[in-house]
Amino acid sequence: MNPVNYLYLAALLFTIGATGVLIRRNAIVVFMCIELMLNACNLAFVTFSRMHGNLDGQIIAFFTMVVAAAEVVVGLAIIVSLFRTRHSASVDDASLMKL
Amino acid sequence: MSFPLLTATAALPAVGAVATAAVPAARRTAAKWLALLVSLATLALAITVLVRFEPGGARYQLTESHAWIKNFGVRYELGVDGIAVALIALTAVLIPFIILAGWHDADPLETGSRRWRPTQGFFALILAVEAMVLISFESTDVFLFYIFFEAMLIPMYFLIGGFGDRAHAQGEEAAATQRSYAAVKFLLYNLVGGLLMLAAVIGLYVVAGNFSLQEIAQARANGSLHMATSTERWLFLGFFFAFAVKAPLWPLHTWLPNAMQESTAPVAVLITAVVDKVGTFAMLRFCLQLFPQASKWATPVILVLALISIVYGALLAVGQRDIKRLVAYASISHFGFIIMGIFAMTSQGQSGATLYMVNHGISTAAWMLVAGFLISRRGSRLIADYGGVQKVAPVLAGTFLIGGLATLSLPGLAPFVSEFLVLVGTFTRYPAIGIIATFGIVLAALYALVLYQRTMTGPVKPEVSAMPDLRARELVVVAPLIVLLIFLGVYPKPVTDIVNPAVKQTMSDVHKTDPKPSVEAAK
Amino acid sequence: MENLIALLIAAPLLGAAVLLVGGRRLDRVGHWIGTLLSFVSFVIGLALFADLLGKSTEHRTMTQHLWTWISVGSFHADVTFRLDQLSMTFVLLITGVGSLIHLYSVGYMEHDERRRRFFGYLNLFLAAMLLLVLADNYLLLYVGWEGVGLASYLLIGFWQHKPSAATAAKKAFLVNRVGDMGLSIAIMLMFATFGTFAFGPVLSHAGDTSQGKLTAIGLMLLLAACGKSAQVPLQSWLGDAMEGPTPVSALIHAATMVTAGVYLIVRSGAIFNAAPDAQLAVTVVGAVTLLFGAIVGCAKDDIKKALAGSTMSQIGYMVLAAGLGPIGYVFAIMHLVTHGFFKAGLFLGAGSVMHGMNDEVDMRRYGGLRKYMPITFITFGLGYLAIIGFPFLSGFYSKDKIIEAAFAKGGTEGWILGGVALLGAAITAFYMTRVMLMTFFGEERWRNAPTPSPAEPSVEPAAETRGEHTEPHPHESPKVMTIPMIVLAVGSVACGFFFNLGDRFLHWLEPVTGHSEGHSPVSTWTVTGATLVCLVIGVGIAWAQYGRKPVPAVAPRGSLLTRAARRDLLQDDFNHVVLVRGGEHLTRSLVYVDHTLVDGVVNGTAAGFGGLSGRLRRIQNGFARSYAVSMFGGAALLVAATLLMRAV
């Protein structure tokens, strides 16, 4: 199969993720969309690795996974604590960081 | 290796500042005495510098040189020429008087006030400023100079903003607002100047490859370091702007009246008599030596600005209603004279300007500190609140008059010598500017005597009728300053002897010689 | 002997220092210390004088070098004193008259609690004035020049609690400062031209430079002289200076300080000789002031102000003579010395009158005082006769010579100047006779005039503090005051005759100032005759107006000229409107400009940045999703830019 198709899929997934981040309010969904984007990137990395015949892309994909895992831990914790204090998981409600 | 005298002179007040700050708040009298002793010890070291300096010797003496940041060619390089020695002596002489005059200025406010004033912090900050000013005078590395030139702003900011004048008509809250306005204004003005200078310092490094004043100046003089005309001019402007803000030169002067008005009298003296001198000193040392061509190129404009400062400052001083603002504007007028003398590019002008820095320091200190004593008695800075003080406090009035007379450059007192030298030095090269500047002496008489007349003479106002005369501590502050004023007015030779060789060097840096008289009448 | 010169100055300077620093401890003896040191200086002066007389004419210049004052590049100023015939004359006048006035002040200031300070200032004045005349270069002269200005400031404003005194003092200093500006510019010009400002080289090379520069130097020196000697246009301060205690008026504002301008011009004779235009300006100033002062003197009812007008006018004579060049220098100085005697005597007499009259100064409230104050009357009368030029008294000789010299100038100028000088003599006779008649003759107007006089406020404070307007009891002053008056009266009578005996004064001064006989178009006797006729006319008119008719106790409205003259010919009004008001407006508008424009630009920049950041801040709305949009937008832009760059 033509590896370029994987790239198309990665681009599609990334776009879906980005759109989700922009239009959804629920923090969990936004969070999952971010994960989706990260995985789209991973897919692209692995594809490129395959296409160019070297392993750099795969290594970076592993790094991404580690970072993503760490992010999930921190991010979910924040979301949970936000939900506890405000009884809402909407990202628009948490706008206290502005000046 | 010999004893690092210059480092010690600057380090002693720095260490003293830390030690003073560390004294517990309950023992604030001990902190005062400690600060005073440290400043006196610094004075002793400064006198040692003065004694060990040989006027006829090498240009920079007592030099110290150590590598500091090797990658950028930054060195810890100290050395003094005659001009620096004179100013180091001035600083070291004035600080003990400033401390003594401000003895009670930082005492905790009476109960019920919400403001907390760390007494020992006040004195520690003064010593910190002294240390930084001293090292600015001593350093012959542009980067080292720059660091302390800027770092000085931090303690000054806190001195102005944190320990303001208590005499405020609209109460404590308004006073605090005004004070922080003045402090922020001071900081912003000087920061803007400093940032431009930083750009120029970096530019200088790019062009010259190191920061050493002596090396660059030498390379400039023997032609091995060529700068494009426009580069030199831009770099000059970057340096000059910073110094002109600090000096301050019209139209960059408006921070000074606010800062002096809102701070206590000793801090006001610290600003105008000590800190601002770094600006004029740096013009002589850095602008002229590093960028001789550009200095000559900018001379006409700078002279006109200096002339405006002289007349404008004096006229505004006449129109002030606040004693301290009046002194501030008078200082602006005097800084005009100093800058005019520097850029007249004659030996009389530059020696006169250096002497002027010293004399202005002493005369303003005498005038302003007595004004401070007066203000602290009545609790008001407004001229209109006084009248007839002469009758109830003759010694205070007499010393105030002498301070005023020194400010208006009465012959026989020190400022006359320097003012006349500056005028003569300017006149021989630029007669028209010299003549217009002479109007400054009439205006100086106007503001000094009007202030004296309105505050000291006339019928005794009921509010001042119980005013006590100068106390012993205050007399100890004022009397030596007056003696110095008279001594340097009658016999300025000790200072001119030290300064003249350095000025000669500077004159040769810019390739200028004094204009010759048309008739050789002198033998 | 040279080493004594410094002592001349040191003695009074020491006195000033001791008295001013010494504090209250010296209150009881201070005045005697001051007087003693003044006399010490006088005795040293006499010793030096005797020494000079013992030397041959060409060796009569002594110098004493003390130390190098300022030395920067080629700018070199020494503290060096020069004693020659000219400065010797001044030294004797200053210390002699000065000592007498010290003595007089002991009595006059007896009830003033700040008497010690007064004597400190007087000593300071003596020191500064001696420095002025003994200096060997213009810069050192400048120190003395401003020093006397300071002493004058302190003494005019001695009664500081009176606003009028404080204002008068400030005014005197400021007007003098304008003159000082002239002196400093003159010194700068000298330095630029000659490379030095010491008397010797400058004066001996005066001819070597261009006419234009010399004229400029001369005019600047004239400006200086105008300030110090109260010549038009800088004369306005002298009248107000009468706010000072009367001994001050006698010493500083009549006998010595105000004549410093004449000294300066005569000392700089070599410059003026080579600059005819400047010289002409000097004569014009002298002639104008001569009339100005005389006219003002005619209208004043305040005895001191009338005398002040007279001083101005007499100095006008001296300046006129000094402007005539070598024909006039000696006579300018001779008139200066005789004037020093009789005018000091007149002022002391006026002081004595005021002393006996509860410090009343309005002559309309005097009258018939000769019975009550015989000594004052006689000494004042002798001074009066001397000043109007009564034959064989001092003023007769000195003034006559000046009038002759004015005619000898030659040409139309000579006739005009001579005419003015003659006219001045007539007016002098008029106003002095007026003063004499109003004070010592006529009915005793003080007896029944308890209302305060509207013309001039009382100058001396005692009357105010005592709050008295009761009838005064005129009485003669104590001996300590009358003795100086008697000595001065003797001087006013005799010194003219003495000086002129065998042209003594001329031969004494000639080596310094130079002298040439002009060619007068009229004979000496004609001039003397004309002068005497003028004198008689002046006295006659005054007699007709104030002797025969009773003097009204309240000043009549008077003609337009009289009213203008009472207001110093409107000079003060001019100053007030143009300089004071104009200056106030200027400074006020500048304060406004500084606040709104200079500061405004900076504050405006700050406000601009504040506003901008306020706008930018709104982008930072806290919504995570809008941040995300900007992030994606930014990323898209970057990608687009990269692609674009690759394509190109």
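Here is how the numbers come out for the structure above:
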read-out: Search result, residues across segment B:326-346 that are within 12 Å of chain C (Cβ to nearest Cβ), over 18 Å from B:LEU87 (Cα atoms) and part of a helix (DSSP H, G or I); value: B:LEU326, B:ALA328, B:TYR329, B:ILE332
read-out: Filter pass, C:LYS162 being facing another protein chain (nearest Cβ under 8 Å), at pLDDT below 90 and buried (at least 19 other Cβ atoms within 10 Å of the Cβ); value: yes
read-out: Hits in segment B:174-201 - residues which are surrounded by 16 or more Cβ atoms within 10 Å (Cβ to Cβ) and among the β-branched types (Val, Ile, Thr); value: B:VAL184, B:VAL192, B:VAL201
read-out: Unmet criterion (only one of (1) more than 10 Å from chain B (Cβ to nearest Cβ); (2) at pLDDT below 90) for C:SER152; value: (2)
read-out: Lone qualifier among A:ILE28, A:ILE79, A:ILE16 - being in contact (Cβ under 8 Å) with a residue 60 or more places away in the chain and under 29 Å from A:SER95 (Cα atoms); value: A:ILE28
read-out: Helices (runs of 4 or more DSSP H) wholly inside segment C:247-336 containing at least 3 residues that are out of contact with any Leu (no Cβ under 9 Å at 6 or more places or on another chain); value: C:276-299, C:303-323
read-out: Segment B:387-398 - residue that is within 9 Å of chain C (Cβ to nearest Cβ), out of contact with any helix residue (DSSP H, G or I) (no Cβ under 6 Å at 6 or more places or on another chain) and of a type outside the set (Gly, Ala, Ser) and, of those, surrounded by the fewest Cβ atoms within 10 Å (Cβ to Cβ); value: B:VAL395
read-out: Selected residue (only one of C:GLY269, C:GLY261, C:GLY227, C:GLY239 is out of contact with any Lys or Arg (no Cβ under 6 Å at 6 or more places or on another chain) and either closer than 21 Å to C:GLN571 by Cβ or buried (at least 24 other Cβ atoms within 10 Å of the Cβ) (or both)); value: C:GLY227
read-out: Only one of C:ALA564, C:ALA553 that is more than 30 Å from C:PHE392 (Cβ to Cβ), surrounded by 16 or more Cβ atoms within 10 Å (Cβ to Cβ), within 30 Å of the chain's Cα centre (by Cα) and more than 13 Å from chain B (Cβ to nearest Cβ); value: C:ALA564
read-out: From C:THR526, C:THR531, residue being hydroxyl-bearing (Ser, Thr, Tyr), more than 10 Å from every other protein chain (Cβ to nearest Cβ), free of Cβ contacts under 8 Å to residues at least 40 places away in the same chain and surrounded by 12 or more Cβ atoms within 10 Å (Cβ to Cβ); value: C:THR526
read-out: Criterion: touching an Asp or Glu at 6+ places or on another chain (Cβ under 9 Å) and surrounded by fewer than 18 Cβ atoms within 10 Å (Cβ to Cβ) - qualifying residue of B:SER518, B:SER465; value: B:SER518
read-out: Within segment C:485-585, helices (runs of 4 or more DSSP H) holding 3 or more residues that are under 22 Å from C:LEU382 (Cα atoms); value: C:524-542
read-out: Flag for C:ARG617 being loosely packed, with under 12 Cβ neighbours inside 10 Å and at the interface with another protein chain (Cβ under 9 Å from one of its Cβ atoms); value: yes
read-out: Total residues in segment B:399-415, condition more than 8 Å from chain C (Cβ to nearest Cβ) and part of a helix (DSSP H, G or I); value: 10
read-out: Candidate set: segment B:1-32, residues that are closer than 14 Å to B:PHE122 by Cα and in a loop (DSSP other than H, G, I, E, B); chosen: the one modelled with the lowest pLDDT; value: B:PRO24
read-out: Qualifying residues in segment C:290-306 (those that are surrounded by fewer than 24 Cβ atoms within 10 Å (Cβ to Cβ) and of a type in the set (A, V, I, L, M)) - the one farthest from C:ALA565 (Cα to Cα); value: C:LEU291
read-out: Among residues of segment B:61-81, those that are buried (at least 16 other Cβ atoms within 10 Å of the Cβ) and farther than 16 Å from B:LEU134 by Cβ, counted; value: 3
read-out: Of all residues making up segment C:54-71, the number that are aromatic (Phe, Trp, Tyr) and surrounded by fewer than 16 Cβ atoms within 10 Å (Cβ to Cβ); value: 1
read-out: Some residue of segment B:443-453 being under 23 Å from B:ILE308 (Cβ atoms), more than 9 Å from chain C (Cβ to nearest Cβ), aromatic (Phe, Trp, Tyr) and surrounded by 23 or more Cβ atoms within 10 Å (Cβ to Cβ); value: yes
read-out: One residue from A:GLY75, A:GLY17 being within 14 Å of chain C (Cβ to nearest Cβ), modelled with pLDDT of 90 or more, more than 17 Å from C:SER626 (Cα to Cα) and within 14 Å of the chain's Cα centre (by Cα); value: A:GLY75
read-out: Cβ-Cβ under 9 Å pairs, at least 6 apart or on other chains, segment B:308-321 side within 7 Å of another protein chain (Cβ to nearest Cβ) and assigned to a helix (DSSP H, G or I), far side surrounded by fewer than 23 Cβ atoms within 10 Å (Cβ to Cβ) and at pLDDT 95 or above; value: none
read-out: Segment C:70-81 residues that are more than 9 Å from every other protein chain (Cβ to nearest Cβ) and over 13 Å from B:THR496 (Cβ atoms), paired with ones that are part of a strand (DSSP E or B) and β-branched (Val, Ile, Thr) (beta carbon under 7 Å, 6 or more apart); value: C:ASP78/C:THR68; C:THR80/C:THR63; C:PHE81/C:THR63
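Yes/no per residue for (1) aromatic (Phe, Trp, Tyr); (2) closer than 30 Å to A:ALA27 by Cα:
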site	(1), (2)
C:THR596	no, no
C:ASP599	no, no
C:ALA606	no, no
C:PHE609	yes, no
C:ARG617	no, yes
C:ALA624	no, yes
C:VAL629	no, yes
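The values are calculated or read from the model by the stated rules, or taken from the named source; none is laboratory data. Predicted model only: the values in this text are computed from it and were never measured. Heads up, the Cβs are rebuilt from the backbone with ideal geometry, glycines too, and the neighbour counts pull from every protein chain shown.
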